[in-house]
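The values are calculated or read from the model by the stated rules, or taken from the named source; none is laboratory data. Worth saying up front: this structure is predicted, and the values here are computed from it rather than measured. We place every Cβ from the backbone using ideal geometry, glycine too, and count neighbours over all the protein chains shown. In case anyone asks, the SASA skips ligands and DNA or RNA and just uses the protein heavy atoms, side chains included. Shrake-Rupley method; radii C 1.70, N 1.55, O 1.52, S 1.80 Å.
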2 protein chains.
Amino acid sequence: MIATDVTVAADDAGQDRECPGRRERKKLRTRRALRSAALERARVQGPAAFTVEEICADVDIAPRTFFNHFPSKDAVLFDWDGAALAELTGEVRDRAGGSPLAAATAVVGELAAALTTSPIWHRQLELLRAHPELHGRIAHVGRAVEDALALGLAAREGATVPALDHRVAAAAAMAVLQVAISAWLADPAGPDPRAVHDDVLVRARDAFASLPPPGQGAGGP
Amino acid sequence: MIATDVTVAADDAGQDRECPGRRERKKLRTRRALRSAALERARVQGPAAFTVEEICADVDIAPRTFFNHFPSKDAVLFDWDGAALAELTGEVRDRAGGSPLAAATAVVGELAAALTTSPIWHRQLELLRAHPELHGRIAHVGRAVEDALALGLAAREGATVPALDHRVAAAAAMAVLQVAISAWLADPAGPDPRAVHDDVLVRARDAFASLPPPGQGAGGP
DNA sequence: TGCAGATGTGCAGTCCCTGCAGTATGTGCG
DNA sequence: CGCACATACTGCAGGGACTGCACATCTGCA
């Protein structure tokens, strides 16, 4: 047994939002225990080596039950449940003032800052650094976050479906975050993720500032 | 039998690059036949419903052989082989003049233009429109293309490993392409992908142009 | 023609994931 | 408290993806 209840409880203490009842709490505990056990197994054995059966034995549930909590084995490692996404959407929506891109990058910047403070995210990023082949399997998470951002940007203006500018802002912010994370993973001894994010953001802004209008192919300087 | 040799031959005639020998040609033919059969099966039955065994029967190879051509069932639908990626890298590398972002967006713009002309890409996009749940499964393709772009940008300046600005430019260009594709899929009757791409690119540039310097949170007017 | 390397194939096996049916546990109400 | 209801948990059976291994076949080259 690798993951213990102690580990689980320490992982994201304080993230306990509302407690709608014992059933919900137990479900949340099981969810986190599975995630924690999976992260530990993946760290020790490798992401491809651990099996669903193993982490189910770690948290003492039936293998069949695993798939009542997560749609796939991959999903347990990098998981953003609907509540977290909705919270992110709300955070963007409530950020009044400034352009959509300003709001999106502000929220994403705080997200980058949280990467090192959240224990779970730290473990996930360490795993990602050790096994770069996981990049592809978590791309859908980035897409989900991007959609949540775009939804928040739309809600900020009273709309229910994101406009093109909202999608552009969300995609740009996420692209910045992705590059920042990659750069930080490549050089963990360098600046913290928040600083890297701001650096990348400035570089992106400068790059677009000197961009000639498109449509005519390669135009001179 | 759904996919026929005729379909296969007509799919991307003219893409026959060098013919290094009968063995290579036969391998390429099998590869394309598998891809074509898979696309047709996915279109008719749905991406989750068709089996490897079926498309292997279509092109008359052993199921075991399938995994000598593709690493997974998902890979056969949206496939960029190493040669195509290397070609893309070269295209970026040979595009002299202008900033990295200008070079990247120029190449990506041509790529967007080719989306409607290439029969294979057309079939892939139609499949993507009919089954949006595939978005997540092809994210690694976008990542691979992004890496190829960054590599080309580095090579353009004589470097062998992309610098941060190269990664930023590649990520930005791919983010623009991704948004453009999504928008075009949502409204196929609208402008062609190339026009949508240029539109999204301008919107991204404008968004960054009015972006306040990061680090102080929301300080907009 | 003969050799070396690459490719195709069959087999056995592991693991992911699913539908179904039955049981246990938490929840709300009289 | 006791009862009905809603969820969650579990075992079972099965399909299908994917792999390692050994062997057959084919191609390029001398």
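One table, with the values for the structure above:
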{"item": "Residue that is surrounded by the fewest Cβ atoms within 10 Å (Cβ to Cβ) [pool: residues in the stretch A:55-68 that are within 11 Å of DNA strand C (Cβ to nearest atom) and assigned to a helix (DSSP H, G or I)]", "result": "A:Arg64"}
{"item": "Members of the stretch B:81-103 found to be open to solvent by less than 60 Å² (accessible area, probe 1.4 Å) and within 14 Å of another protein chain (Cβ to nearest Cβ), listed by number", "result": "B:Val92, B:Arg95, B:Gly97, B:Gly98, B:Ser99, B:Pro100, B:Leu101, B:Ala102, B:Ala103"}
{"item": "Single residue of A:Ala130, A:Ala113 found to be out of contact with any Leu (no Cβ under 9 Å at 6 or more places or on another chain) and under 24 Å from A:Gly46 (Cβ atoms)", "result": "A:Ala130"}
{"item": "Index of the failed condition, A:Arg167 passing every other in (1) among the basic types (Lys, Arg); (2) within 23 Å of B:Ala195 (Cβ to Cβ); (3) open to solvent by less than 60 Å² (accessible area, probe 1.4 Å)", "result": "(3)"}
{"item": "Pair list, Cβ < 7 Å and 6+ apart or interchain, from the stretch B:104-123 residues that are within 13 Å of chain A (Cβ to nearest Cβ) to residues that are outside any helix (DSSP H, G or I)", "result": "B:Thr105/A:Pro214; B:Ala106/A:Gly217; B:Ala106/A:Ala218; B:Ala106/B:Arg95; B:Val107/B:Arg95; B:Gly109/A:Pro214"}
{"item": "Checking B:Val176 against (1) open to solvent by 20 Å² or more (accessible area, probe 1.4 Å); (2) in contact (Cβ under 8 Å) with a residue 24 or more places away in the chain, the condition it does not meet", "result": "(1)"}
{"item": "Subset of the stretch A:143-162 (residues that are open to solvent by less than 50 Å² (accessible area, probe 1.4 Å) and either over 13 Å from A:Glu91 (Cα atoms) or of a type in the set (Ser, Thr, Tyr) (or both))", "result": "A:Ala144, A:Glu146, A:Ala159, A:Pro162"}
{"item": "Qualifying residue in the stretch B:17-39 (condition: exposed (fewer than 12 other Cβ atoms within 10 Å of the Cβ), outside the structural domain of B:Val141 (by TED's automatic domain parsing), of a type in the set (Lys, Arg) and at pLDDT 90 or above)", "result": "no"}
{"item": "Residue match in the stretch B:196-211 (condition: within 10 Å of chain A (Cβ to nearest Cβ), modelled with pLDDT under 95, open to solvent by 10 Å² or more (accessible area, probe 1.4 Å) and in a loop (DSSP other than H, G, I, E, B))", "result": "yes"}
{"item": "Residue list for the stretch B:40-54, filter: assigned to a loop (DSSP other than H, G, I, E, B) and open to solvent by less than 30 Å² (accessible area, probe 1.4 Å)", "result": "B:Gly46, B:Pro47, B:Phe50"}
{"item": "Test: residue in the stretch A:91-110 that is under 21 Å from A:Ile181 (Cα atoms) and of a type in the set (Ser, Thr, Tyr)", "result": "yes"}
